[in-house]
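Asks: The following block contains the structure, expressed as structure tokens.
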Amino acid sequence: MQRSPIRQFPFRPHEPTAHPMFKFVLGVAFGALMSVLYVHYNVQLPALMQITDLLRGNLVATATESKLYDLDADEPAKLRALEVYFANRPHDAAKIDAAFGHPFLISLHRERAARKAIQLSSAYNAFDKLLANPALRTKMSEKFAITEPEALKQAMLFDRLDRQPYLKRWLEKYLAENGPVTANNLQSLLQTAKAFPAVLASEPQEAP
């Protein structure tokens, strides 16, 4: 049996390589530079940079400190600094929100309730057209056992509210002080909810 010939590999002299620590320091320095560019000029960090999320967040948060703690900064600069900081340090936003009674969360809840109150109120305004049809008016009157037009519209509105569990619970908890929401007080509660100023853009898709 013949032995296979031994393969000969060409000898290569040792090639000097960069020290690993030098590579790390260079990477951190480059990351810091890109963080500054991101904060001040919205230059996105490239995907090829192998920086962990935690390191990236700390670098960006540090880079934005000059704007974040500038007591005389204008409003756009303040908003940009907060956006960058909380985008990279979301746990800080959650801690601040919890420490002060959840003002962020309450605002989100209130704005969602206000949007849904506006939607439900628009349905109430459309009931007049629906009840102008004699057959539909008779059907609704039989369903709710009500013939008086305004009372019938209130009953129809309250029926629509049952399809909005979030809005109904929010009205009960914050406007009716955990009391019942009824057909008689629903319109008044909706008017109050609609009056809250909108700060955030409406969400394209929302759960009930």
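The values are calculated or read from the model by the stated rules, or taken from the named source; none is laboratory data. A quick note: this is a predicted structure, and the numbers were derived from the prediction, not measured. Ideal geometry is used to build each Cβ from the backbone, glycine not excepted, and the neighbour counts take in all protein chains shown.
Asks: Among the residues of the stretch 87-95, are any in contact with a Lys or Arg (Cβ under 8 Å, 6 or more places away or on another chain), in a helix (DSSP H, G or I) and charged (D, E, K, R)?
Replies: The answer is no, given that none of the residues of the stretch 87-95 is in contact with a Lys or Arg (Cβ under 8 Å, 6 or more places away or on another chain), in a helix (DSSP H, G or I) and charged (D, E, K, R).
Asks: Oh, and also: Would you be able to tell me the number of residues in the stretch 127-150 that are aliphatic (A, V, I, L, M) and surrounded by 12 or more Cβ atoms within 10 Å (Cβ to Cβ)?
Replies: Count: 5.
Asks: Sticking with this one: If you scan the stretch 157-187, which residues turn out to be over 19 Å from His109 (Cα atoms) and loosely packed, with under 14 Cβ neighbours inside 10 Å?
Replies: Asp159, Pro180, Thr182, Asn184
Asks: In the stretch 63-103, what residues are surrounded by fewer than 16 Cβ atoms within 10 Å (Cβ to Cβ), at pLDDT below 85 and more than 18 Å from Leu200 (Cα to Cα)?
Replies: Within the stretch 63-103, Glu65, Ser66 qualify.
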